[in-house]
Each structure stands twice: as structure tokens, then as C-alpha cells.
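Each value in this text was obtained by applying a stated rule to the coordinates, not by laboratory testing. Model, not experiment: these values are computed from the prediction. Cβ: placed from backbone, ideal geometry, glycine included. Neighbour counts: every protein chain shown.
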Amino acid sequence: MTQFKTTQTVPETARRNGKISAGTRVVPEETPVALSYGGSTHAVMMATPGDFEDFAVGFSLTEGIITGPSDIESIEAVADDKGIDLQIVLKDAQNDALTARRRHMAGPVGCGLCGIESIEQAVRLAPSVSGSTLQLSQAQIVEAVALLNGQQPLHFETRAVHGAGFYVPGRGLIAVREDVGRHNALDKLVGAAARAGYSGADGAVVVTSRVSVEMVQKTAIIGSPMIIAISAPTALAIRTADEASMTLVALVRGEDFEVFTHMDRIQPGAVADVA
């Protein structure tokens, strides 16, 4: 698949230590990316132009369009001067289901809540993840965030993108994806993990962004029982995680963190006492 530039170097004028000087800065690209099925556009996201296969698979999974990567026949990124169209060809059964779903859609909607037709769908209950047996120690929670902080090359270069990782006990972060949009970063991560053969129940989602309800919903849809974040959650995200039996850990700073729901998945003991 064609490679696209994810950053640009731009001129800047900076004030540092009381002095003004000219220089340059690396900034991330942001471009419209359409996700099209059977030639019809389903959604358009403002995204970092990269990891297109992961994005297509992850978005399709979290939107309930497919149940696995094998439901997709092909993915092609077609670029023009205005943006990029991800042309996704589904297998017949999934294509028929999506066609039927479109007949009931009220109309186009904005980023983050794609393909919905009512307020009820926007605040829908996330699938329960109560069947997962995943547990993490306090040390593993701290490790997951520390690993994510060390595997974000685009963030280190630009300081302007979100990161999402999938942490599997005993294996660490099996995938990390970055994007200017936090939902996009998570969708790309979901696609990467699925394409590598991992189930959501195998590990925890780790993100650098705040935890909104959509982040919880996407995490639940893939069956992951835990979301770990550097930033804070919203009240609706907490309620949704609780109803889904999901453990929500946030505000991870060094060895400190806060648990908002389902503490039972976190093994007892101080961080320093856990190997």
C-alpha cells in the first residue's frame, strides 16, 4: 500500500529565555480519510495518514461491520489532492448486512459516532466483558503506561498526537498505534491487534488520552476487560465501564493511579512488592 507522509517540517518563530528566534518544528499531518464500503462512503475522519489496513480493520470491528479481519476481501487507499479514500471490499454476507443497516440510517453523522440514528444509540450499553479472566498486578499497570510512553515515535517528534497500546501480561505491548485523533489511534490499535491474531480478552487497552464513553464502548466491543489511561475519564465513561463490568484505571502518573470501576481485576499488593 502507498506510503504517505505523516509529518511536515514548518517554519516557526519562537520565544525562549526572553529571546525571539526563527526556527523550524516538526508537526503531524492531518487529512480527511474516508472509510468506504462497496464504493459508498460510510464515514470521514480527520486522521494521520498511515496504518491504513489497521484503521480499516479496527474501525470496521468497533463499528460492528465485521466480526474479524477475514470478513474483508480487500483494502485500498486511494489518494487525491483533498484526502484519502480507504476503499474496503467486504465479503458478501457482511456487505449484505451493511447494506441493510444503511437503509435504516437517518443520515450522515459526525466523527466519533458513525452510523447511528438516535440518542439511544449514542449512549447505548457497551457489551459486558464480565466473562474475561484477565487480571493485572499494580506493577503491570505501571509497566503498561511506561512502555507506551517509550513507544510513541510520532509523539516524541511532534508532541501533538495520541497513542494507544495493547498490553498482554507476559508479553508487554504487542502493538502501539498513534494518530491525531484518539478514536483513530484506538481503531488502528484494534486493527493491528486483530490482524496479529489477538483477541481483546487477551489484554488491556492503554491510552494517552482522556477516557470518553466512545473509548470505553470500543474497548468493550473488542472484549477487552480493562482500559488504562494517562488522563482522566468522563462521568459517562465511568458509568458505561461499570455497567460493562470493565475495569477503568486512569490518571496513571509514575507509580500512582486511580481506579474507578471493578477493582477486583487488580491484584493486591504495593507496586514495589510485586515482581
If R0 = 41 Å, then Glu12 and Asp92, at their Cβ-Cβ distance, give a FRET efficiency to the nearest 0.05 of 0.20
Using a Förster radius of 45 Å, what is the FRET efficiency between Ala79 and Asp264 based on their Cβ-Cβ separation? Nearest 0.05, please. 0.40
With Cα springs under 10 Å, the Gaussian network model of the chain assigns the largest mean-square fluctuation among Thr31, Thr67, Thr133 to Thr133
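Based only on Cα atoms, what Rg/Rh ratio does the chain have, Rh being taken as Kirkwood's radius?
Taking Rh as the inverse mean 1/r over Cα pairs, Rg/Rh reads 0.99.
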Between Ala232 and Ser70, what is the label-to-label distance in nm when each label sits 7 Å out along the Cα-to-Cβ direction? 4.5
Reachable aspartates and glutamates from Lys188, criterion Cα separation under 12 angstrom, eight or more residues apart if same chain: Asp51, Glu53, Asp54, Glu178, Asp179
Ranked list, fewest to most other Cβ atoms within 10 Å of each Cβ, for Asp51, Asp202: Asp202, Asp51
If you average 1/r over all unlike Cα pairs in segment 149-275 and invert the result, what Kirkwood radius do you get in angstrom? 14.6
Label-point separation (nm) for Lys19 and Lys5, each offset 7 Å from Cα along Cα-to-Cβ? 3.0
Quick calc: nm separation of the 7 Å Cα→Cβ label points for Glu29 and Ala146 -> 3.6
